[in-house]
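This report concerns only the one structure given below.
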Amino acid sequence: MISLSRLIAVELFKLRRTLALFVALILPGVIALLYALMMVQRGKGIIGPPQQAWDALFHANLSGWTMLGLTLFVALEAALVVGIEHQHGGWKRLFAAPVDARRVLAAKAMVVFGLVLASLVALWTWTLVFGNIIAIAVPTLQFPPGAPGRDSLALLAKVAVASPLIVALHVAIATRWSSIAVSLGSGIVGRPSGGSARKRNSGRTWAGRASANSSSMATSMEFTSASG
């Protein structure tokens, strides 16, 4: 029987045939870029001391990522990782080998979870990059050079801890249905739709608690002009 670690290694090798890793590294940057451009367009930096300003920027990015992109991202990554087996009789060839089906699905779920972790690290990194670009290129914003602090890392950990259940769900959906449209549709349905949904689901959904925390911290120092 093939071990779980070897199955994970095989799944990682298969990633070269997909856009899964590319999406995990680039898509969070779109969110970070969007918030950076919003700050430049408004012409005002984030009010507060340097470290609080950086934490507020990151919390805004993380809130946008969890509310707008992360659920759909998990659905897409699950479809890309599992979709390989739906092509050219992949499942039949896979189970012709001495492997346990539960281990195969567990390996795929762990790889998708690893891509979620990679996306969170990428979001932190893109926030660092775009934040410092703004600090240097647009000094009128008075946004200080620096990096997000420990609070941001703690919030990342909370999102990571909350994600395995939704990863398992979307891996199961992608395994059951070969159409990527079904996977993406489930991601769209599961995505919070706005502020009212956030309040309603903050105690129940996988990302609700973390996104509610990040939203409350971000809005406390939102992109508003200083009064004095």
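Data table
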read-out: Chain lengthening between Arg150 and Val121 when straightened (0.36 nm per residue, less Cα-Cα); value: 9.1 nm
read-out: ³J(HN,Hα), Karplus 6.51/-1.76/1.60, whole Hz, each residue of region 17-33, x for Gly, Pro; value: 8, 10, 9, 4, 5, 4, 4, 5, 8, 9, 4, x, x, 5, 5, 4, 5
read-out: Compactness of region 98-171, expressed as Rg and Dmax over alpha-carbon positions, Å; value: 17.8, 64
read-out: For region 65-82, Karplus couplings with θ = phi - 60° (6.51, -1.76, 1.60), whole Hz, Gly/Pro x; value: 5, 6, 7, 9, x, 5, 5, 5, 4, 4, 4, 5, 5, 4, 5, 5, 5, 7
read-out: Peptide ranges 104-112, 11-19, 165-173 listed from the most packed, as the mean C-beta count within 10 angstrom indicates; value: 104-112, 165-173, 11-19
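We did not get these values from a lab; they are worked out from the coordinates using the rules stated. The structure presented is a predicted model; accordingly, all values stated were derived computationally and were not measured. Reconstructed Cβ throughout: ideal geometry from the backbone, glycine too, with neighbour counts over all protein chains shown.
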